[in-house]
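Comments concern the structure below.
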Amino acid sequence: MAVKEGFGHIDGKEVFKITISARGYSANILTYGATLQSLNVPFDGRTIDVVLGYDSLEEYMTRSGRLGAVMGRSANRISHGRLEIDGKVYQLTLNRGEHHIHGGNRGFDKRVWEIAELNDDSVTLSLESPDGEEGYPGNLSVKVKYSIIENGLRIDYSASTDKTTIFNPTNHSYFNLSGKGTVNDHTVTINADEYTPLDADGIPTGEIAGVEGTKINLSRPRLLADMFAFTGFDCNYLLKDRSIAAQVRSETTGLTMAVYTDMPAMQFYTAEGLKETPGKNGTVYNKRSGLCLETQFCPDTPNHPEFPQCFLHSGEEFSSFTEFRFS
């Protein structure tokens with residue numbers, strides 16, 4: 001049975017925590033930021049919570065990382081907040097130095113979503129983003145559905161607009177399949193032969209380059225402890241096909257997670273920016289306490305016609321999914 005309970009208030013509006021469960025799996029989803037607070041996976045006679053999170057609404061509002069939240073309207077960076085549509089230039093909020101990131105100062109991760117539908121094993125949240133919010137054109141209607149599936153969790157995104165805009169959502173969960181410690185003991189494979197090189201500000205140069213021969217090549221299984229001798233990860237990969245995107249295994253627990261999606265790219269991030277951050281149940285998160293597998297369009301996509309595009313037109317319906325399957 002799904003459970004809905006109060007999780008605090010923002011500006012007089014109540015925030016809820018919803019628990020969905022089925023087949024031994026359970027997940028807590030917050031209406032603040034459409035956030036995945038926990039994902040409990042049955043494994044080897046016990047349950048492992050595989051995502052990082054916070055215990056209170058105040059912590060989600062004040063602490064870093066955007067743990068588990070939905071990013072939008074556009075995940076990742078847009079160079080100088082510049083967005084051109086049909087010859088008209090729109091100026092988006094600049095909230096990362098001279099650039100725009102994750103939807104602006106008050107992106108979808110900082111909004112209180114409505115509960116559109118609630119079932120024992122799924123919840124659908126909805127949000128209305130008005131024309132001009134953070135500089136984006138068009139009134140945008142968004143839904144995000146979390147569902148417990150046979151062997152994991154599925155996220156479905158849908159949206160429509162009354163004016164051409166962009167839409168590039170993702171979920172910003174940090175995974176740790178060991179349930180604690182760092183992800184040094186995780187072996188990672190990303191189904192990608194290409195990536196988009198970045199400049200010093202994390203903006204794509206426009207080049208699409210091969211991973212072969214680079215220090216970020218994860219096209220074959222690699223233990224992160226070995227890779228961290230050379231690099232941390234905050235890289236955007238172009239997926240070879242839009243089905244199986246990545247596989248991650250904890251060599252400590254033996255738990256494996258496969259990521260499936262129809263999105264064209266994935267940002268792989270190893271929490272390089274988390275430092276001494278208090279988390280759930282008295283845990284303290286640090287650099288590499290988790291890893292993000294953000295299925296999305298490429299960073300700065302609207303300014304690079306050579307990338308797969310995320311424009312959404314009036315009369316169209318955006319639809320996308322990501323699944324996290326465990327074994």
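Inside segment 219-252, residues that are touching a residue at least 40 places away in the same chain (Cβ under 8 Å), crowded, with 18+ Cβ neighbours inside 10 Å and not in a strand (DSSP E or B) make up a count of 3.
In this structure, residue 326 does satisfy being touching a residue at least 12 places away in the same chain (Cβ under 8 Å), within 19 Å of the chain's Cα centre (by Cα) and surrounded by fewer than 21 Cβ atoms within 10 Å (Cβ to Cβ).
Within segment 253-262, the set of residues being more than 18 Å from residue 40 (Cα to Cα) and either among the polar types (S, T, N, Q) or touching a residue at least 60 places away in the same chain (Cβ under 8 Å) (or both) comprises 260, 261. Anything in segment 48-94 that is free of Cβ contacts under 8 Å to residues at least 24 places away in the same chain and either among the aromatic types (Phe, Trp, Tyr) or part of a helix (DSSP H, G or I) (or both)? List them, or say none. Scanning segment 48-94 gives 62, 80. On the stretch given as segment 118-171, residues that are of a type in the set (A, V, I, L, M, F, W, C), under 15 Å from the mean Cα position of the chain (by Cα) and not in a loop (DSSP other than H, G, I, E, B) total 3. Scanning segment 203-223 for residues that are aliphatic (A, V, I, L, M) and touching a Leu at 6+ places or on another chain (Cβ under 8 Å) yields 208, 211. Report yes if some residue within segment 54-69 is in contact with a helix residue (DSSP H, G or I) (Cβ under 7 Å, 6 or more places away or on another chain), within 18 Å of residue 274 (Cα to Cα) and acidic (Asp, Glu); otherwise report no. Among the residues of segment 54-69, at least one is in contact with a helix residue (DSSP H, G or I) (Cβ under 7 Å, 6 or more places away or on another chain), within 18 Å of residue 274 (Cα to Cα) and acidic (Asp, Glu), which makes the answer yes. Reported count of residues in segment 11-44, each being surrounded by 13 or more Cβ atoms within 10 Å (Cβ to Cβ), part of a strand (DSSP E or B) and at pLDDT 95 or above, is 23.
Just checking, does segment 198-218 include any residue being closer than 20 Å to residue 302 by Cβ, surrounded by 14 or more Cβ atoms within 10 Å (Cβ to Cβ), touching a helix residue (DSSP H, G or I) at 6+ places or on another chain (Cβ under 7 Å) and in contact (Cβ under 8 Å) with a residue 12 or more places away in the chain? Checking segment 198-218: at least one residue is closer than 20 Å to residue 302 by Cβ, surrounded by 14 or more Cβ atoms within 10 Å (Cβ to Cβ), touching a helix residue (DSSP H, G or I) at 6+ places or on another chain (Cβ under 7 Å) and in contact (Cβ under 8 Å) with a residue 12 or more places away in the chain.
The values are calculated or read from the model by the stated rules, or taken from the named source; none is laboratory data. Keep in mind the model is a prediction, meaning the values are calculated, not measured. Note: ideal-geometry Cβ built from the backbone for every residue, glycine included; neighbour counts use all protein chains shown.
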